[in-house]
Each structure stands twice: as C-alpha cells, then as structure tokens.
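The values are calculated or read from the model by the stated rules, or taken from the named source; none is laboratory data. Note that the coordinates shown come from a computational prediction; the quantities given were computed from them, not determined experimentally. Here the Cβ positions follow ideal geometry from the backbone for every residue, glycine too, while neighbour counts run over all protein chains shown.
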Amino acid sequence: MAKITLDDLRHAYGENPERPEDYALQQLDITFEDGGAYALLGPSGCGKTTLLNIISGLLTPSHGEVLFDDEDVTGLAPDQRHIAQVFQFPVVYDTMSVYDNLAFPLRNRGVPEADVDKKVREIAAMIDLEDTLMNRASGLTADGKQKISLGRGLVRSDVNVIMFDEPLTVIDPHLKWQLRSKLKELHQRVKRTMIYVTHDQTEALTFADKVVVMNVGEVVQIGTPVELFETPGHEFVGHFIGSPGMNILDCEVKGGQAFLHGQPIATSNAGALKDGAEGPLRLGVRPEFVSLSETDGIAADVVKVSDSGRYQIVETRVGDMPVKLLVNEGIEIPTGKTALSFRADRTRVYRDGWLVAGGAEA
Amino acid sequence: MNKLQNNKAWLFVLPVFALVAFNAIIPLMTVVNYSVQETFGNNEFFWAGVIWFQDILQSERFHASLGRQAIFTASILAIEMPLGVAIALTMPRKGPWVSVCLVLMALPLLIPWNVVGAMWNIFALPDIGFLGHMLNAIGFDFNFTRQPGDAWFTLILMDVWHWTSLVVLLAYAGLSSIPDAYYQAAKIDGAGSWAIFRYIQLPKLSRVLTIAFLLRFMDSFMIYTEPFVLTGGGPGNSTTLLSIDLVKIALGQFDLGPAAAMSLIYFLIILLLSWVFYTVMTRNEEQ
Ligand SMILES: Nc1ncnc2c1ncn2[C@@H]1O[C@H](COP(=O)(O)OP(=O)(O)O)[C@@H](O)[C@H]1O
Ligand SMILES: [Mg+2]
C-alpha cells in the first residue's frame with residue numbers, strides 16, 4: 001500500500017518531441033493518496049491509458065518520475081511495482097480454465113496453493129463466476145471474459161493500487177451497473193487505492209471519491225464530484241461534466257463588473273479580475289443555476305423546450321448566444337420573450353478557459 | 001433463406017472441373033487402371049486383380065523404403081518444428097531489421113529444388129566441398145557418398161536448411177498477430193517468458209503450426225528431387241525414400257503394375273496420416 005506521486009511527468013511517444021502537440025501527456029503533477037477511490041475522466045485520446053501504463057510500468061515516461069511513497073519506481077518493471085491493471089478489452093488465457101486464469105497472477109508469484117484456492121473462490125463468488133470456474137475460458141461470452149480480466153486484477157492482496165482502464169466497455173448496461181457497485185463495495189471493504197479510467201461521467205462520479213479530469217494530455221481539475229459540479233476549474237470541466245453541460249458565454253469585465261450582452265450581471269469572481277486582462281473572457285453558469293424571472297434579469301428568447309424526465313430543458317437565446325436552463329416538471333414555460341436570472345454565487349468568469357481565482361467563493 | 005436456383009451458374013465452375021479432371025482425376029484413374037493389370041509388352045493388358053497390391057504390401061523392399069521414409073519425415077519434423085518456432089521467437093517484431101530477416105528467411109524457399117540438391121552435394125563432398133572438407137579437417141571421417149550415416153546426416157541437414165524457413169515464416173506471422181494487450185496483461189500478471197510462451201504464444205500459434213506441420217509432413221513424405229540429386233538413394237539403398245523407390249520401379253524396371261499399386265498405397269498412406277494428424281491436432285479447439 002502506498003501513496004502514488006507523479007512528479008513533473010511528461011510523455012511523448014515519438015522521438016525528439018519539441019512542440020507541446022508532440023506530447024501525449026503534458027506536464028503532470030498528481031498525488032494519489034493511499035486508499036483513495038479515484039476516477040480518471042476525459043474524452044477518448046486524452047492520454048488516460050498512457051497515464052495508467054506509466055503508473056503500472058508498461059511505459060517509461062520520457063520525462064519525470066513516478067514515486068510509490070517516497071521510492072522512485074520509474075525504472076521498475078510492472079511485476080516489481082506490485083500493481084494490478086485491468087485492460088479495456090478482455091484478455092484471457094484461452095487454454096486455461098476460468099479457475100486457472102484467476103489463479104495465474106498468484107501462482108506466478110509463488111503463492112501457496114491453499115491460499116490460491118481461497119482467493120480464487122472468494123473473487124469468483126464476488127463476480128459471479130462460481131458456476132463456470134472449471135470451464136475453459138475460451139468458451140465464455142465477452143462479458144464472462146471481461147469478468148475474468150477483472151478477477152485477475154482483484155485476486156492479489158499484495159498490490160499498491162488496482163487500475164481499471166475502461167473495464168466495462170464491452171459489458172452490457174445492467175451488468176455494468178452491478179459490477180461497478182461491486183467494485184465500489186470492494187473498495188470500501190479493503191480500502192485499497194483504485195484508479196478507474198473512464199470517459200463516462202456517470203461512471204466516474206458514482207465510483208470515485210476524487211475525480212481527475214483530463215483533456216488533451218493535461219489534468220484540468222482534480223476534485224470530488226460535488227466540487228466538479230459546483231466549481232468547475234476549467235470551462236472544459238463545466239462542459240464535459242453535467243448534462244446538459246455548463247453554459248459558456250462570451251462576456252466583458254469592466255471595473256470588476258461582468259457584462260453579458262451589454263447587461264450587467266452579478267458573478268462570484270469578476271471582482272478579482274483586473275481590467276485589460278489578456279485572453280478571451282467567458283461566463284460559466286450551469287443550467288441548474290439559471291432560472292426564469294418575468295420581472296427583471298437578462299432579456300432572452302425561448303427557443304425550445306424539451307423534456308428530460310424530472311426536468312424540462314429550456315433553450316433560450318441571449319442575443320445570439322444559446323443559454324440552457326433547467327426548470328422543474330409541471331411549470332409553465334412562457335413562449336417568446338422572457339428574462340433570465342443567474343445565481344450569483346454559481347456564476348463565474350473564466351479567462352482563457354481557466355477559472356479566475358479569487359472572489360467570494362461559495 | 002431462399003436459395004435461388006440458377007443452373008447457368010454451373011457453367012462458371014465448368015472450367016475448374018475440366019482442369020481438375022485433366023490434371024488429377026484422369027491421371028489417377030490411369031494409375032488405378034495399371035494397378036489391376038498385367039502386361040507382357042505389345043501394348044496388351046490382362047486383368048490381374050489385386051496381386052500387385054498384395055505383392056507390394058508383402059515386399060520387404062517396400063517395408064524398408066517406408067521405414068526409411070518414416071524415419072526421415074519424423075526426424076525433419078522433430079527438428080524443423082521446434083527450430084522454426086524458436087527462430088521466429090527471436091526475430092525482431094518491429095524496426096528496420098524485420099524485412100532483412102524476412103528476406104533472409106525466404107531465400108532458401110526460393111531456390112529450385114534440384115539446385116538445392118546440387119548445392120548440398122557439392123558442399124558436402126569430402127574432398128572439395130566446404131562442409132565435407134571442414135568436417136574431415138576437424139577429425140571426422142566424413143564421406144556421404146560411402147557411409148550411410150553421413151548420407152543421412154547430410155540429407156537431414158539439407159532439408160532443415162531448405163524448409164525450416166517455412167515454419168519460421170508461418171510462426172512469425174502467427175506471433176505478429178498476437179495483440180499487444182496479451183503481453184501487457186502477462187507482464188502485470190507476473191508471467192515469466194516460459195509462461196508467456198506456454199500460455200499465450202503457443203496457444204495462439206496452434207493453428208498456423210497445424211498448417212506448418214501438415215505441409216511439412218506431406219512435402220517431406222513425398223520428397224524426391226533433393227535426395228535424388230544429393231545421394232541418388234545411396235550409398236546402396238540407404239537413403240532410398242519411397243518416391244525414389246517408386247521411380248526406380250516405374251521407370252527403371254518399367255514394372256507399371258506394381259509401380260501403380262505402390263503409388264496408390266503411397267497416396268493412401270499420406271491421405272490417412274494427414275487426416276489423423278489434422279483430427280488429433282484440431283480436436284482441442286472443438287471442445
Ligand atoms: N503506442 C502509441 N504510439 C503512438 N501514439 C500513441 C500510442 N498510444 C497512444 N498514442 C497517442 O497518445 C494519445 C493518448 O492516447 P491514450 O492514452 O490511448 O488515450 P485514452 O486512453 O485517453 O483514450 C493519443 O493521441 C494517441 O493517439
Ligand atoms: Mg484508453
């Protein structure tokens with residue numbers, strides 16, 4: 001068991017990287033606390049697998065260090081790091097039985113057969129493979145094979161961290177939900193560090209205590225699901241997490257006051273921004289924190305109303321900028337002209353994509 | 001599904017039928033015809049029944065050739081299969097050396113068979129051949145034209161040189177098709193190189209190795225040109241394999257009946273053994 005620290009880490013697949021685009025991972029400094037349940041969330045191709053492979057030792061980073069507690073493990077092979085990793089697509093040893101597959105990581109490490117048996121049966125029970133334990137692994141369905149892959153990751157008790165690289169991609173939705181709860185349950189029982197990679201926000205937010213959000217080789221924010229929802233540190237986080245995502249609107253700031261489409265608007269952090277700051281300024285506010293107000297507010301036109309179950313998603317337009325808001329079921333939505341009010345403590349200014357620091361944070 | 005009845009379609013396969021008939025069925029039937037007849041010249045043939053088959057099956061000469069053939073085929077398979085896999089495992093998986101290795105490996109396969117025989121004949125000659133000369137120089141009494149053991153040694157070495165590449169290329173293709181994820185998983189699971197070979201590479205190679213085995217079995221069981229050029233079946237009859245014996249009977253002695261009967265028996269042995277090997281080797285997959 002160990003704390004994992006990535007220190008000034010960078011990685012490029014090609015030789016002689018020069019421009020930032022040559023790097024699959026830009027500079028990263030992350031600490032994974034011992035025993036945490038982490039999710040690594042980001043769109044396809046943002047470098048999640050690369051990062052996992054660097055932690056596990058399948059890849060050596062082109063720059064920087066990986067520390068387990070205070071030991072530098074950058075040069076160590078995967079089997080010297082005591083880690084487990086489950087891959088996106090199932091890998092099973094075809095000629096072995098399900099039992100032997102699960103026992104494989106233990107037997108390779110010389111675990112006594114009695115302990116192997118105990119562990120294998122325990123894990124098989126957890127992931128519902130008991131009935132097929134003696135079958136040949138090659139005969140199983142894709143679901144079953146992925147369960148074996150998962151099981152091989154879970155079976156060892158000597159690991160510092162278990163990493164899952166989109167482990168439930170090929171699994172059908174119902175089983176997916178079950179397996180995710182089991183992983184969560186297991187984490188709560190054994191308190192082992194887990195890093196769960198996914199591009200699905202629901203998966204990340206339900207599994208993890210802390211979510212690391214990545215975009216194009218960079219970590220844009222690390223936080224609890226609530227923090228990511230309430231205080232997105234970057235436009236990307238606001239947009240990527242939540243459905244629908246955060247409204248991101250061009251704005252101006254003069255003398256610590258934000259203006260949207262020429263109308264003054266209260267924000268939590270515009271006061272911290274000096275006049276004449278470089279970079280495009282934008283306002284970020286989640287649809288949850290925008291409401292209709294017939295009396296005063298920002299003038300808007302209602303464009304479309306759609307139903308998403310508990311809420312109605314109202315699409316409006318302020319000038320030529322689309323603004324979405326959520327309104328409870330059953331409330332009458334006006335057509336045509338209306339006015340919007342934004343909750344000041346949840347409305348923030350972003351400069352060049354990043355949240356402007358300071359101001360009265362909620 | 002409804003099958004569309006289209007009798008015109010048969011016209012398109014007709015050329016293939018014709019071709020197969022001319023180069024396989026008609027010659028085969030001619031052989032069958034010879035095998036049940038006796039002739040005393042003058043192009044006169046008489047019904048002979050199965051006596052040629054009885055003769056061949058009971059002849060010691062046939063037993064001896066068949067025995068030599070079995071030893072030859074078993075030896076080269078026992079050497080070429082593991083050696084081929086071993087070489088394929090050591091070949092680079094990527095980089096500029098891949099094509100160099102592949103071309104080097106393919107070279108022996110591109111040389112005409114009689115040239116291979118002639119090359120090795122000269123190569124192994126005790127007086128002027130490099131191999132023969134060197135062996136004698138380091139103290140071996142090597143003479144493949146006089147000593148049966150030396151003839152066998154040269155014969156097997158020649159076949160290994162000529163054909164191991166085929167196994168290498170097939171095994172290499174099989175290895176290249178194993179996704180990286182398997183090796184990554186094996187590293188995470190702490191598998192050593194033996195475990196990787198035993199549980200990942202060998203199972204993934206089983207199909208191509210079945211093909212390689214059958215090809216090498218059939219080819220080596222029918223081998224003619226190279227041993228004929230190398231040793232001519234000698235010294236004595238010591239390297240007279242089945243095909244060489246068959247040609248001696250058919251064209252040397254012009255005993256068409258026995259030769260035809262022998263061809264058919266030969267053919268059936270290859271067919272039967274191939275079937276047995278194929279069934280045994282693919283049995284596991286069907287479970
Ligand atoms: N083996 C590789 N060689 C070269 N580039 C790679 C390799 N693997 C991934 N990449 C590149 O690195 C970037 C990050 O990929 P990856 O880590 O697989 O992303 P993710 O897992 O988030 O989808 C992508 O742009 C991808 O094209
Ligand atoms: Mg990936």
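Considering segment B:221-242 alone, what residues qualify as being within 25 Å of B:F277 (Cβ to Cβ), hydroxyl-bearing (S, T, Y) and in contact (Cβ under 8 Å) with a residue 60 or more places away in the chain?
Initially, segment B:221-242 is screened for residues within 25 Å of B:F277 (Cβ to Cβ), giving B:221-227, B:239-242.
Next cut, hydroxyl-bearing (S, T, Y) only: B:224-225, B:239-240.
Residues satisfying the conditions are B:T225, B:T239, B:T240.
Among residues belonging to segment A:40-51 that are farther than 17 Å from A:A12 by Cβ and either within 14 Å of another protein chain (Cβ to nearest Cβ) or touching a helix residue (DSSP H, G or I) at 6+ places or on another chain (Cβ under 8 Å) (or both), point out the one that is farthest from ligand 1 (Cβ to nearest atom).
Initial filter on segment A:40-51 (farther than 17 Å from A:A12 by Cβ): A:40-44.
If we keep only those that are either within 14 Å of another protein chain (Cβ to nearest Cβ) or touching a helix residue (DSSP H, G or I) at 6+ places or on another chain (Cβ under 8 Å) (or both) as well, we get A:40-43.
Numbers: A:L40: 8, A:L41: 10, A:G42: 6, A:P43: 7 Å.
Ranking the qualifying residues of segment A:40-51, first place goes to A:L41.
Tell me the residue from A:Q80, A:Q88 that is in a helix (DSSP H, G or I), within 12 Å of another protein chain (Cβ to nearest Cβ) and either surrounded by 18 or more Cβ atoms within 10 Å (Cβ to Cβ) or in contact (Cβ under 8 Å) with a residue 12 or more places away in the chain (or both), please. Step through it out loud before you land on a result.
Numbers: A:Q88 fails: in a helix (DSSP H, G or I).
Result: A:Q80 is the single residue among A:Q80, A:Q88 that is in a helix (DSSP H, G or I), within 12 Å of another protein chain (Cβ to nearest Cβ) and either surrounded by 18 or more Cβ atoms within 10 Å (Cβ to Cβ) or in contact (Cβ under 8 Å) with a residue 12 or more places away in the chain (or both).
In the same structural domain as A:M163 (by TED's automatic domain parsing), hydrophobic (A, V, I, L, M, F, W, C) and away from ligand 2 (no atom under 16 Å from the Cβ), is that true of A:V73?
yes
Show me the helices (runs of 4 or more DSSP H) entirely contained within segment B:19-91 in which 1 or more residues are at pLDDT 95 or above and surrounded by 13 or more Cβ atoms within 10 Å (Cβ to Cβ). Break it down into steps so the answer makes sense when it comes.
Values: elements: B:26-35, B:51-58, B:60-90.
Ranges flagged: B:60-90.
Does A:S149 meet the test of being at pLDDT 90 or above and within 13 Å of chain B (Cβ to nearest Cβ)?
yes
Among the listed residues A:L154, A:L205, which satisfies the condition of being within 14 Å of chain B (Cβ to nearest Cβ) and more than 16 Å from ligand 2 (Cβ to nearest atom)?
Working: A:L205 fails: within 14 Å of chain B (Cβ to nearest Cβ).
On inspection, the qualifying residue turns out to be A:L154.
Restricting to segment A:35-71, give me the number of residues that are among the polar types (S, T, N, Q) and outside any loop (DSSP other than H, G, I, E, B). Steps first, please.
Residues of segment A:35-71 among the polar types (S, T, N, Q): A:44, A:49-50, A:53, A:56, A:60, A:62.
Then drop every residue that is not outside any loop (DSSP other than H, G, I, E, B), which leaves A:49-50, A:53, A:56.
Final tally of qualifying residues: 4.
Only one of A:T74, A:T95, A:T31 is surrounded by fewer than 20 Cβ atoms within 10 Å (Cβ to Cβ), within 24 Å of the chain's Cα centre (by Cα) and polar (S, T, N, Q). Can you tell me which?
A:T31
Collect the residues in segment A:204-228 that are under 19 Å from A:W177 (Cβ atoms) and within 14 Å of ligand 1 (Cβ to nearest atom), keeping them in residue-number order.
Result: A:A204, single match.
So which residues in segment A:332-362 are touching a residue at least 24 places away in the same chain (Cβ under 8 Å), surrounded by fewer than 18 Cβ atoms within 10 Å (Cβ to Cβ) and in a loop (DSSP other than H, G, I, E, B)?
Of everything in segment A:332-362, those that are touching a residue at least 24 places away in the same chain (Cβ under 8 Å), surrounded by fewer than 18 Cβ atoms within 10 Å (Cβ to Cβ) and in a loop (DSSP other than H, G, I, E, B) turn out to be A:I333, A:P334, A:T335, A:R343, A:D352, A:G353, A:A357, A:G358, A:A360, A:E361, A:A362.
Kindly provide the set of residues from segment B:100-128 that are within 13 Å of B:F144 (Cβ to Cβ), assigned to a helix (DSSP H, G or I) and in contact (Cβ under 8 Å) with a residue 12 or more places away in the chain, ordered by number.
B:G117, B:W120, B:N121, B:A124
Could you tell me which residue of segment A:99-122 is surrounded by the most Cβ atoms within 10 Å (Cβ to Cβ), considering only residues that are within 14 Å of chain B (Cβ to nearest Cβ) and aliphatic (A, V, I, L, M)?
The qualifying residue surrounded by the most Cβ atoms within 10 Å (Cβ to Cβ) is A:L102.
Hey, could you check segment A:34-51 for residues that are crowded, with 22+ Cβ neighbours inside 10 Å and within 15 Å of A:V161 (Cα to Cα) and say which is farthest from ligand 2 (Cβ to nearest atom)?
Restricting to residues being crowded, with 22+ Cβ neighbours inside 10 Å and within 15 Å of A:V161 (Cα to Cα), the top hit is A:Y38.
Return a yes/no flag: does segment B:163-179 have any residue that is facing chain A (nearest Cβ under 10 Å) and outside any helix (DSSP H, G or I).
Within segment B:163-179, one or more residues are facing chain A (nearest Cβ under 10 Å) and outside any helix (DSSP H, G or I).
Can you find a residue in segment A:55-68 that is more than 16 Å from ligand 2 (Cβ to nearest atom), more than 13 Å from chain B (Cβ to nearest Cβ), more than 17 Å from the chain's Cα centre (by Cα) and without any contact (Cβ under 8 Å) to a residue 12 or more places away in the chain?
No, that holds for no residue.
What's the total number of residues in segment A:204-235 that are within 16 Å of A:G47 (Cα to Cα), more than 12 Å from the chain's Cα centre (by Cα) and buried (at least 21 other Cβ atoms within 10 Å of the Cβ)?
1
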